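The structure under discussion appears below in the form of structure tokens.
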Amino acid sequence: MKAVIRIGVVILVILLIGFYSGPSFQENDILENESFTTETGRNSQDDNIPAYTDSLTRPKSGVSVYVGRSADEFKQEWGEPDRIDPGKFGQSWMVYKDEDYYLLAAIKDQKISAIFAMGAGVDSSPYYSGQPVDEIYRFTMITTEIFVEDGDESYQFELSEQDLHSRLLVPYDDLYAQLLIDSATNRLMGVYYMDKETLISQRPYDEAADDQSASEPEPDLPQNLDEVNRASEEQLFDMVNFIRNENGLEELERNEEASNAAREYSISMDLEKTNAEAEIETEESSSLEQRLAEVNKTYESAAENTAYQFDIAPSVVHAWMNSPEHRNTILDEKYTHTGLGVYGLYYTQNFLEIKPSENEAAFEPDQEKAD
């Protein structure tokens, strides 16, 4: 009898150890860009929609002066980029990284069509990274409607109440500045300068149209979609680590198994949406624990951020940083590794807390060679 009791106690202890020592998982809700789901349309000049006439004079200094200039002229000032990423809308991105800045310059037809800048090391005049929102409001012309003319077409972009607190749009002469604000700190996170064509192509805001039957044409998917997806993953990785550095946190290291899981999940979300539109039944989504089954390292905890219907990586990171749950995951000091997966308009980032002993074991072969 005593032996049976002892066996029962041992089994109970093993179960309790397994329960308390197993990894914890946090799956944050998918963050959707709501401007994509709003009725959109275009108006001809006959609709008598007035063009916006009170645009500001373009800045005479800072990176924005290069929008519209040649890529060679930009490189004369900034040097050769760390890499060049393929992008959507016929653009490619020159990527510049440093401890105090992160800079993306879009090239189309050998000219700079857009620039995204974050960090104190970039002159984003008349704005600067970390600038208080109150200061921006004092000298910036704020409007809820922006009218843009392009040949025979006119576009009316409408900013929501949320946009006015997190992503303002400021019109200049043939230039538009999207101010990406961190609503948790009420400070400027980054500035996205773009030309008229880029604004119309990406359409980051709701549109108003008198002709509700007008429809927005589907954008052409790039033939090199896989390369564009991988480039978006690189940019997400760069920016999340840049933000962690700014907040005094260690950078995340890559985990390839977690990246594979993230890519598969982005693909499955896209397939699920396609099947739903075609009224085809789809299998129930797997859990984060199931998706990370292939990770071959022991980890203490895991989390996942997802996003949908964003065209560029900076918009994804900005949206995550303005969602408390996603923000807390990015800024959680316990996470050490990450995996990223992008498929079309779906973005997934996995976070892992891996034991230091596992990290040290991974370096043992290199240390032996050094000895």
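Bear in mind that the values in this text are calculations on the coordinates, not laboratory data. Treat the numbers as computed from the prediction; the structure is a model and nothing was measured. Don't worry about glycine lacking a Cβ; one is built from the backbone with ideal geometry, like all the others, and counts go over all protein chains shown.
FRET efficiency for S286 and D332, Cβ-Cβ distance as r, R0 = 22 Å, nearest 0.05? Walk me through the numbers on the way to the answer.
Values: r = 23 Å, r/R0 = 1.05.
Once rounded, the FRET efficiency stands at 0.45.
Run through all the Cα pairs of the stretch 63-207 and give the fraction in each 5 Å bin from 0, expressed as whole percent.
2, 9, 19, 22, 21, 15, 9, 3, 0
With label points built 7 Å along Cα→Cβ from the Cα atoms of R203 and S125, find their separation and express it in nm.
Taking the simple label geometry, R203 and S125 are separated by 3.6 nm.
How much FRET efficiency would the formula 1/(1 + (r/R0)^6) give for E161 and D270, where r is the Cβ-Cβ distance and R0 is 25 Å, rounded to 0.05?
On the way: r = 30 Å, r/R0 = 1.21.
The formula returns an efficiency of 0.25 here.
Tell me, what is the FRET efficiency for D98 and F25 to the nearest 0.05, using R0 = 41 angstrom and their Cβ-Cβ distance as r? Let's see the in-between values first.
On the way: r = 35 Å, r/R0 = 0.85.
Computed FRET efficiency for D98 and F25 comes out at 0.75.
Distance in nm between label sites at N33 and S61, each 7 Å beyond Cα in the beta-carbon direction?
Label at N33, label at S61, 3.3 nm between them.
D173 to K297: extension gain in nm, 0.36 nm per residue of separation minus the Cα-Cα distance?
Numbers: separation 124, 0.36 × 124 = 44.64 nm, distance 5.35 nm.
Length gained, D173 through K297: 39.3 nm.
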